[in-house]
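Engineer: Take a look at the following structure, please.
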Amino acid sequence: MEQNNYGADQIQILEGLEAVRKRPGMYIGTTSSRGLHHLVYEIVDNAVDEALAGFCDTIIVTINKDNSITVVDNGRGIPVGINHKSGLPAVEVVFTILHAGGKFGGGGYKVSGGLHGVGASVVNALSDWLEVQVYTDGKIYQQRYERGHVCYPLKEIGTCEKEKSGTTVTFKPDATIFTETTVYEFDILKQRLREMAFLTKGLHIILRDLRVEEGEKPIEREFHYEGGIKEFVTYLNRSKTALYDNVLYFEGKKNNVYVEVAMQHNDSYNESSFSFVNNINTPEGGTHLVGFRNALTKTFNDYAKGAKLLKENEPNLSGEDIREGLTAIVSVKIEDPQFEGQTKQKLGNSEARTAVDSIVSEQLTYYLEQNPMVAKMICEKSILAQRARDAARKARDLTRRKTALETASLPGKLADCSDKDPKNCEIYIVEGDSAGGSAKTARSRATQAILPLRGKILNVEKARLDKIYANAEIKAMITAFGTGIHDDFDINKLRYHKIILMTDADVDGAHIATLLLTFIYRFMPELIKQGYVYLAQPPLYKLEKNKNVWYAYSDEELNQILSEVGRDQNNKIQRYKGLGEMDPEQLWETTMDPERRVLLRVTMNEEAESEIDLTFTTLMGDKVEPRREFIEENAKFVKNLDPMHIIVPLLYPNRCDNEAYISECIDLTNINRYLEEKNSSDSEFKYTLFHVIVTALMKTIKLRPKLNYFNTSALENAIQLVKKYNTATTVVIKSTLPLGYTRKTRKETDLKIFCSALSSCAEVSFPI
């Protein structure tokens, strides 16, 4: 037996920045993509602190071609004089010694986001190399570090204008630390920098991306908001309809706490309140948010009673009622912020609560008295919310009484698992009864539960709580999960530690998954935060050759398999559109077998919560224009998209969940533009209007499950149109049709008509 020696020499002392490299997670949370981007925030935060102190008005962040980052500010510049305690230049102390900085007192900064003096030194420690240049007193100083070690003493490398000052930091993350990725994402940085600009009135932040093709202009975004957090609220409300025109804005200083609050109600039913301390997001709120909510509840109730909008015998409005449809930003600046925990997620200073409560109460009271119409609109919306909440509570209580009396409290459609330990259990939320039937047959009965949902669930973004409780599919999920929602939510009652959304790999499947995620995000966000929600990844292709079978989850994977097995006539390729096309054995081995399946965990970056909130509102709200802008902006990032998914929106100028039709007169302008762009970039295959027609015919087939028949009227109209203009046309219908339909239609129309199980517009042409 090997002897386990544990003596004095086993105690290690890590010198300098070694501790950071040994345990990076302690300092930046994670070495994943999130931690990688955090390095940028640390350097930018230092520059923003200069802006808060009144010495900096421009920050430029550049992503260089090699994925290094350059941050330039025009602040005072990091001091270059000798720090007498260490005997080193101050700039070297900042980048090489932990817990060293200008934020511990001494008059350098009144308020700052940095507290511990570790940001710059941690970035240095976790970088392959870092260079800093300081502009001060007409001179330029420079120092370089590699993996935290000084390469040469601070040196003067040139001169500059006497009035020029500031700091330039360039660093390249160490690939041996950030093993997952060292590639920066422009959009992630954009979101965070935009937020910083909103929170620092008048500050210019410029983001540049030099990673472009030869001859192309660098991508650049500038963020500058003179209105500060008022403009932040307007930005967050852009996908909603505001209840009143002006954004309410309150500011003041009390107990050495500077308070800024901006708020506006809209027509939605969800609260979107975000809080910040010295420009640091506090996703868990804290005393400043408590103070704001107290002030809101007290002031509106006083006004409603005083204006006789609420009778004396009626109960007060709850804070939740008043905050329905509210978008608010609460930002405080405080000299010595005290956070609960290491992660700065919750403010603990009691003086912040008092300051926010006092300033908001006083200024909101004046505003409501001076703007009675606005006050009345907010109060009326709050009273409606109160009534809806009462109705929801009654519905909830009724459900509880029923379940207490009934023997089977779980939803009837749920096929539960036999294991009762939540850690071992998982539930599949499946689209449709047919896929649900296959999943029930395929599952492991001990640990896998199946809940099939019929159709699309209610869009909770546009519904009050009472409507949500009345929806059968949502009630089934709430009951199955066991946690309750909203005020009743209790994570400890969760019955499954994996909630897996399993939908078809098509547009409708993606829509259903988005509806489900919207519901979970709005009413059970803790499930996402704690990593209990997953997306199943069924394969896109099945390849058969010589009785061997392969599954591919992307076009790239299919091409890789084909290059290995060879491309010839023996290859049988099936493109899966829906889960119902798989038999139970296939579903198990591709999508449900824990040993072989692919699951995507749904994660949520709490630092970007305002942007996440806006994205859900944009995608699921009533306003069409922001959604169109979002699609146009992000379409270029979409991969593995079937051509029909691009063309279909061009064919359907009006389409909702209840109607799907094609007009006799189609404007071909956008379609032709798409075809030109596609053909200019794709040399392998040329797309024509033929493929558009095929797509149109395919989409007009609608199954009516309750009536048990296919509605083929739209298809028949389209066929008549084809016959009218050209009887020589070959019509390919990519859909399942009633038995004998194709043969019958062929006789009646003299057209060449046949059905195809092929998957994409491009593939449909090959049999012709």
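The values are calculated or read from the model by the stated rules, or taken from the named source; none is laboratory data. Just so it is clear, the model here is predicted, and its values are computed rather than measured. Reconstructed Cβ throughout: ideal geometry from the backbone, glycine too, with neighbour counts over all protein chains shown.
Engineer: Kindly indicate which of ILE528, ILE500 is touching a residue at least 24 places away in the same chain (Cβ under 8 Å), hydrophobic (A, V, I, L, M, F, W, C) and surrounded by fewer than 21 Cβ atoms within 10 Å (Cβ to Cβ).
Structural biologist: Only one candidate qualifies: ILE528.
Engineer: Suppose the filter is touching an Asp or Glu at 6+ places or on another chain (Cβ under 7 Å) and either at pLDDT 95 or above or over 26 Å from ALA480 (Cβ atoms) (or both); does GLN386 pass it?
Structural biologist: Answer is yes for this residue.
Engineer: A follow-up question, please. Among all residue pairs at least 6 apart or on different chains, which show Cβ distances below 8 Å where the first residue, located in segment 405-429, is more than 26 Å from LYS456 (Cβ to Cβ) and small (Gly, Ala, Ser) and the second is modelled with pLDDT of 90 or more and part of a loop (DSSP other than H, G, I, E, B)?
Structural biologist: Between residues of segment 405-429 that are more than 26 Å from LYS456 (Cβ to Cβ) and small (Gly, Ala, Ser) and residues that are modelled with pLDDT of 90 or more and part of a loop (DSSP other than H, G, I, E, B), the close pairs are SER418/ARG445; SER418/ALA446.
Engineer: Still on this structure: In this structure, is THR617 within 24 Å of ILE457 (Cβ to Cβ) and either loosely packed, with under 15 Cβ neighbours inside 10 Å or at pLDDT 75 or above (or both)?
Structural biologist: yes
Engineer: Now a separate question. Among the residues in segment 146-164, are any acidic (Asp, Glu) and in a strand (DSSP E or B)?
Structural biologist: Checked segment 146-164: at least one residue is acidic (Asp, Glu) and in a strand (DSSP E or B).
Engineer: Within segment 473-510, which residues are part of a helix (DSSP H, G or I) and modelled with pLDDT under 85?
Structural biologist: HIS486, ASP487, ASP488, VAL507, ASP508, GLY509, ALA510
Engineer: Quick check on my filter: what residues within segment 536-547 are touching a residue at least 12 places away in the same chain (Cβ under 8 Å) and either surrounded by fewer than 16 Cβ atoms within 10 Å (Cβ to Cβ) or part of a strand (DSSP E or B) (or both)?
Structural biologist: ALA536, TYR541, LYS542, LEU543, GLU544, LYS545, ASN546
Engineer: Given the conditions (1) within 27 Å of the chain's Cα centre (by Cα); (2) surrounded by fewer than 22 Cβ atoms within 10 Å (Cβ to Cβ); (3) within 22 Å of ARG389 (Cβ to Cβ), which single one is not true for VAL460?
Structural biologist: (2)
Engineer: For THR287, state whether it is in contact with a helix residue (DSSP H, G or I) (Cβ under 7 Å, 6 or more places away or on another chain) and within 22 Å of THR200 (Cα to Cα).
Structural biologist: So THR287 fits the description; yes.
Engineer: Please verify whether GLU312 is within 30 Å of ASP45 (Cβ to Cβ), acidic (Asp, Glu) and either surrounded by fewer than 20 Cβ atoms within 10 Å (Cβ to Cβ) or touching a residue at least 60 places away in the same chain (Cβ under 8 Å) (or both), treating the condition exactly as stated.
Structural biologist: Judged against the criteria, GLU312 is not a match.
Engineer: Also, I was wondering about something else. Across segment 492-541, which residue is farthest from PHE616 (Cα to Cα) among those that are out of contact with any helix residue (DSSP H, G or I) (no Cβ under 8 Å at 6 or more places or on another chain) and among the β-branched types (Val, Ile, Thr)?
Structural biologist: Filtering first and then ranking leaves ILE500.
Engineer: How about segment 72-99: which of its residues are touching a residue at least 24 places away in the same chain (Cβ under 8 Å), β-branched (Val, Ile, Thr) and either surrounded by fewer than 23 Cβ atoms within 10 Å (Cβ to Cβ) or not assigned by TED's automatic domain parsing to the domain that holds ALA125 (or both)?
Structural biologist: VAL72, VAL80, THR96, ILE97
Engineer: Which number in (1) farther than 23 Å from ILE177 by Cβ; (2) modelled with pLDDT under 80 marks the one condition that PRO89 misses?
Structural biologist: Only one criterion in (1) farther than 23 Å from ILE177 by Cβ; (2) modelled with pLDDT under 80 is unmet by PRO89, namely (2).
Engineer: Somewhere in segment 375-390, is a residue of a type outside the set (D, E, K, R), out of contact with any helix residue (DSSP H, G or I) (no Cβ under 9 Å at 6 or more places or on another chain), at negative phi and touching a residue at least 60 places away in the same chain (Cβ under 8 Å)?
Structural biologist: Yes, segment 375-390 has at least one match.
Engineer: Pairs only if they're at least six apart or on different chains, beta carbon under 7 angstrom, first in segment 50-69 and under 15 Å from THR200 (Cα atoms), second among the acidic types (Asp, Glu) and assigned to a loop (DSSP other than H, G, I, E, B); list them, first residue then second.
Structural biologist: Pairs found: ALA51/ASP57.
Engineer: Which of (1) part of a loop (DSSP other than H, G, I, E, B); (2) among the aliphatic types (A, V, I, L, M); (3) touching a helix residue (DSSP H, G or I) at 6+ places or on another chain (Cβ under 8 Å) is the odd one out, the single condition MET196 does not satisfy?
Structural biologist: (1)
Engineer: Are any residues in segment 572-605 among the polar types (S, T, N, Q) and outside any loop (DSSP other than H, G, I, E, B), and if so, which ones?
Structural biologist: Those that are among the polar types (S, T, N, Q) and outside any loop (DSSP other than H, G, I, E, B): GLN574, GLN586, THR590, THR591.
Engineer: Within segment 511-534, can one find any residue that is part of a strand (DSSP E or B) and hydrophobic (A, V, I, L, M, F, W, C)?
Structural biologist: The answer is yes; a qualifying residue exists.
Engineer: Looking at segment 36-69 only, could you name the residues that are surrounded by fewer than 18 Cβ atoms within 10 Å (Cβ to Cβ) and either more than 26 Å from the chain's Cα centre (by Cα) or within 22 Å of LYS333 (Cβ to Cβ) (or both)?
Structural biologist: ALA53, GLY54, PHE55, ASP57, THR58, LYS65, ASP66
Engineer: I'm trying to understand the selection: among the residues of segment 325-358, which are surrounded by fewer than 23 Cβ atoms within 10 Å (Cβ to Cβ), at pLDDT 85 or above and among the β-branched types (Val, Ile, Thr)?
Structural biologist: ILE334, THR354, listed by residue number.
Engineer: Tell me, yes or no, whether segment 303-320 has at least one residue that is in the same structural domain as LEU368 (by TED's automatic domain parsing) and at positive phi.
Structural biologist: yes
Engineer: Then there's this: Does THR479 qualify as being closer than 30 Å to GLY325 by Cα, touching a Pro at 6+ places or on another chain (Cβ under 7 Å) and crowded, with 16+ Cβ neighbours inside 10 Å?
Structural biologist: yes
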